[in-house]
Amino acid sequence: MTILSDNSDAALGDAPYDARFVRVPMRDGVELGAILYRPWPHRGPVPTVMEMTPYLADMLHQDGLMFARAGFAFLAVDCRGRGGSAGEFHQWIHDGPDGYDTIQWIAGQPWSDGQVGLGGGSYTGWNQWMIAGTLPPALKTIVPSAAFMAGVDLPLRGIGNSYIYRWRVTLKGHSISWNLAADTQLFNRLQSDLYARSASLLELPGMLGYEAPGWEQELTHTAWGPQWASRRPADEALARLDIPVLSLTGLYDTCQRGTLEHHRRLDRHGSAAARAKNYLVIGPWDHRGMEGTDQVYGLKFGPAAKLDVPKLKLDWYRWVFGLGEKPAFLDARIKYYVSGPETWRGADELGAILGRPRSLFLASDGSAVDVYRSGWMTDSPADTPADAFVSDPADLRPLEAERRLSNSPELASGGGAMFPRAYNSLFFILGGEDPTNAIFCHNTYGQGVVYHTAPLESPLEVVGEPELRLWVTCDAPDADLAVLLYEVLEDGSVIFLSSDQLRLRYRNGSVAGEPMPPDQPVELRLGPFRFVSRRLARGSRLRLVIRAPVCSFIQKNLNSATPVHEQQPHEARVARIRVLHDREHPSALLIPVTGP
């Protein structure tokens, strides 16, 4: 939710709001701690906005003031086991039923008019959907920003990482450990040590002395499975959900995939009435800029990017609670920003904004090993020799990039435990962070291939989710691939567009995984990639990078047939991968193009 500075209503005057600590009883006898904010003086029952947070209710103080000044009550609630709440914190487990009980408790209070809305972002974007899935009668709307979805955002395509452990360090006990979790140098050293020894990231808790129960599923159950389905509202609940929803995400939001999937699930399973009230805003923002900023690290957008999101949310709540008109900005169910022309557009269906697929076929002279000797992409299928690269678990050279900060500027609004200063992390760049950083294009150390289009003769608008049809052979049972897509401007600078990744054993969607047939051609279908919305400039080129994801944050794959979290150092082997682009194996990038 928004964090506003307290610019005081009067230098020494009375505050036009009231705040007090309250206890909220749960059905099992546990009490949650919360802070209640209300307009002052009290003038009778009012609607309430609630956020249930693991990051401590006190962190939402400015939000409480904003809502109270606007005439609402606001309840900042500590998740079970966090801050002032009793019990033990277990991510993903208690928020749904605890949220239901809290909403119904609010509706029964004398200061409440019986209407409750939810707000928040990231984890508290996710838990709004879980709470809504319990169908509390008093719930009138949810407004999730950057809403995470387990098994969609992380882990992605079967590749695990240590992110959730680092996040849990932030939430150790009932307090906040921002500083330790934000220590990038420390985590880089610990994770790099594990990577160098071909040891499992499961050893990380032992190195820090904090176990964080439950996080390990991100490494031991990386394929799609029932544990991920349990962390989202049931289809049957969405079919019965009939409230207005306003979702927000960004082109560079690390939780973009999850936000879009939450929206799509309600469209798929909800009633016609629910779909008509299911709104989505896709801005030119990253995970930290969800309140309407015009810059993501070194990438600057036009003035229209600075949408007044706090006002949009307040106007939305007023509309839902019967206190005002629907925000004028929401003249369509889907509002999305197109970078390049720097403008907002609207549509009534997400599918309506997606461009038609245009196939760009990969080709090469057989040595597309870096940006200087790259292959190419054309509109016609090629008949050219294969490119070859390796995934070598013993090659630690790519990790050197992680030891240096990137050249992108650190924004005043940046920072935070989970998104530290811009540094060269392939993990974060795959998620949309630091979009002008090209370091993972320039040298693949023999562990990747690169392809370019010719310079564009006219602007090209790309809106949607690219895909990749990639014919490969691999002489090992398994390997990991990361795919990065960029616009390369005439001056050589880059703008990140989209990405995807894949653990080859999960190429067919199997939970158990299937080893690669040795040296046999296999068509990999990667995608949909992250959503992109940008008009590429005349003279720009598209750059496609396919590489081994060597990164201390990412679970190391030793390329054996053993489940990755059980692999032992002696199993490590070099995987030799060939990218095919001949008449029988037409590898192609599918980009969604709008316009003529």
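Distance between Cα centroids, region 140-194 to region 374-393: provide it in whole Å.
Taking the Cα centre of region 374-393 as reference, the centre of region 140-194 is 35 Å away.
On full extension of the chain, what length is gained from residue 383 through residue 275, given 0.36 nm per residue of separation minus the C-alpha to C-alpha distance?
Working: separation 108, 0.36 × 108 = 38.88 nm, distance 4.66 nm.
Length difference between fully extended and current span is 34.2 nm.
In region 471-504, whose amide N lies under 17 Å from the spot 7 Å out along Cα-to-Cβ of residue 220? List them in ranges.
none
Can you put 18, 98 in order of Cβ neighbours within 10 angstrom, beginning with the fewest? Walk me through the intermediate numbers first.
Details: 18 16, 98 26.
The most exposed by this proxy come first: 18, 98.
So how much slack lies between residue 135 and residue 242, counting 0.36 nm per residue of separation and subtracting their Cα-Cα distance, in nm? Working shown, then result.
On the way: separation 107, 0.36 × 107 = 38.52 nm, distance 0.92 nm.
So the extension gain works out to 37.6 nm.
Distance between Cα centroids, region 102-129 to region 264-318: provide it in whole Å.
20 Å
What distance in nm separates the simple spin-label points at residue 186 and residue 571, each placed 7 Å from Cα in the Cβ direction?
So the label points at residue 186 and residue 571 sit 3.1 nm apart.
How high is the relative contact order of the chain, given as a whole-number percent (alpha carbon pairs under 8 Å, six or more residues apart)?
Working: 1468 pairs, mean separation 80.3, N = 596.
Relative contact order here is 13 percent.
Collect residues whose amide H, placed 1.01 Å from N in the peptide plane, falls under 5 Å from the amide H of residue 498; neighbours closer than 5 in sequence don't count.
485
I'd like the Karplus ³J(HN,Hα) series for region 149-159: coefficients 6.51, -1.76, 1.60, θ = phi - 60°, whole numbers in Hz, and an x wherever there's a Gly or Pro.
Each residue's phi maps through the Karplus curve to give 9, 5, x, 10, 6, 9, x, 10, 6, x, 9 Hz.
In nanometres, what is the gap between the two model label sites at residue 175 and residue 489, each 7 Å from Cα along Cα-to-Cβ?
Roughly 4.5 nm, to one decimal.
Highest mean first, what order results for 539-548, 219-228, 496-505 on Cβ atoms within 10 Å? Present the calculation step by step, with values, prior to reporting the outcome.
Numbers: 539-548: 22.4, 219-228: 16.9, 496-505: 24.1.
Sorting 539-548, 219-228, 496-505 by mean packing, highest first, produces 496-505, 539-548, 219-228.
I'd like to compare 473-481, 231-239: which one has the highest average count of other Cβ atoms within 10 Å, and what's the full order after that? Could you put the intermediate results ahead of the total?
Working: 473-481: 23.0, 231-239: 17.2.
Top to bottom by mean Cβ count within 10 Å: 473-481, 231-239.
What ³J(HN,Hα) values, in whole Hz, does the Karplus curve 6.51 cos²θ - 1.76 cosθ + 1.60 give for region 385-399 when θ = phi - 60°, with x put for Gly and Pro?
Computed from phi, the couplings for region 385-399 are x, 5, 9, 10, 8, 10, 10, 10, x, 8, 8, 9, 4, x, 6 Hz.
Could you order the peptides 246-253, 289-296, 199-206 from most to least packed, using the average number of other C-beta atoms within 10 Å per residue?
Numbers: 246-253: 26.9, 289-296: 22.0, 199-206: 17.2.
Ranked by mean Cβ neighbours within 10 Å, highest first: 246-253, 289-296, 199-206.
Report the Cα centroid-to-centroid distance between region 496-514 and region 86-100 in angstrom, as an integer.
31 Å
Which residues in region 475-495 place their backbone N less than 15 Å from a point set 7 Å from the Cα of residue 562 along the Cα-to-Cβ direction?
477-478
Which length gain, in nm to one decimal place, applies between residue 511 and residue 211 when the Cα-Cα distance is subtracted from 0.36 nm times their residue separation? Display every interim value, and only then the final one.
Working: separation 300, 0.36 × 300 = 108.00 nm, distance 2.61 nm.
Between residue 511 and residue 211, full extension yields an extra 105.4 nm.
All of the numbers you see were taken from the coordinates with simple rules; none came from a lab. Because the structure is a prediction, the values reported are computed rather than measured. Neighbour counts run over all protein chains shown; Cβ positions are idealised from the backbone, glycine included.
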